[in-house]
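Each remark here refers to the structure printed beneath this line.
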Amino acid sequence: MRSSRQDTERHREAIIDAAARLVREKGFDAVSIPLLMAEIGMTHGGFYRHFASKEALAPLALARAFQDGVGLADTASANNPDDPDGALTELVATYLSTDHRDNPGAGCSSSALAGDMARQDADNPLRKAYESGVSDMVDAIEKLSGPKSPQSHEKALLTLSTMIGALLLSRATRGSTISDEFLAAARDGIIEGR
């Protein structure tokens, strides 16, 4: 029996969602089509009903993954509608938490894929999707910071780069005391430095 259009679209979305999570956990090179399809309980051959190749899926998966990071900022803003400082504090606390550190598949693509993207050519479509996602994150942080000012973009860049750096170092040293110290120091530095 053939799948309906709704089933086809649901399967396509499930593939994109699973790819978005897996690439953040493992990196692009480690996510094979059989692994991806097994994650959602479908056969390897079913992939090609939706995508011509893994390379065709990759930018879509990356864009979906970045939606989660921007979603953190949107949630913080919704939880603190009249309090830009509270919204930024919530975002920073969530981003620089042990839960975020320990669950890269559900976390920010900026940090999870920074190393992978640094090795890509500048004209690679995946690199372009990453750059767009990072830019969206900067914009989301800038909006949280209150009224736009000449310094707001620079502060958003500094905030995001501090969060990403601290998260990367915390993940790289997970299991040691310094891992938690990176998170706490960056959290305190961003919040106190506003």
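Of note:
Quick grid of which residues meet (1) of a type outside the set (A, V, I, L, M); (2) in contact with a Gly (Cβ under 8 Å, 6 or more places away or on another chain):
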| residue | (1), (2) |
| --- | --- |
| H11 | yes, yes |
| A20 | no, no |
| V31 | no, no |
| S53 | yes, no |
| R64 | yes, no |
| L96 | no, no |
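- The condition (being at pLDDT below 90 and in a helix (DSSP H, G or I)) is satisfied by just one residue among L72, L22: L72.
- A single member of D74, D102, D85 is among the acidic types (D, E) and under 17 Å from I190 (Cα atoms), and it is D85.
- Take the conditions (1) closer than 16 Å to L126 by Cα; (2) modelled with pLDDT under 90; (3) small (G, A, S); A61 misses just one of them, which is (2).
- Helices (runs of 4 or more DSSP H) within region 75-141 that include 2 or more residues under 26 Å from L60 (Cα atoms) and over 12 Å from the mean Cα position of the chain (by Cα): 84-95, 98-102, 114-118
- Residue in region 166-178 that is modelled with pLDDT under 90 and within 19 Å of the chain's Cα centre (by Cα) present: no
- Long-range neighbours under 9 Å by Cβ, at least six apart or interchain, first residue over 20 Å from A58 (Cβ atoms) within region 6-17, second surrounded by 15 or more Cβ atoms within 10 Å (Cβ to Cβ) and not hydrophobic (A, V, I, L, M, F, W, C): T8/H50
- Within region 79-106, being in contact with a Leu (Cβ under 8 Å, 6 or more places away or on another chain) and either more than 24 Å from G146 (Cα to Cα) or among the charged types (D, E, K, R) (or both) holds for T98, H100, R101, G105.
- If you go through region 24-33 and pick out every residue that is in contact with an Asp or Glu (Cβ under 9 Å, 6 or more places away or on another chain) and within 18 Å of H50 (Cα to Cα), you end up with 1.
The values are calculated or read from the model by the stated rules, or taken from the named source; none is laboratory data. This is a predicted model, so every value here is computed, not measured. Reconstructed Cβ throughout: ideal geometry from the backbone, glycine too, with neighbour counts over all protein chains shown.
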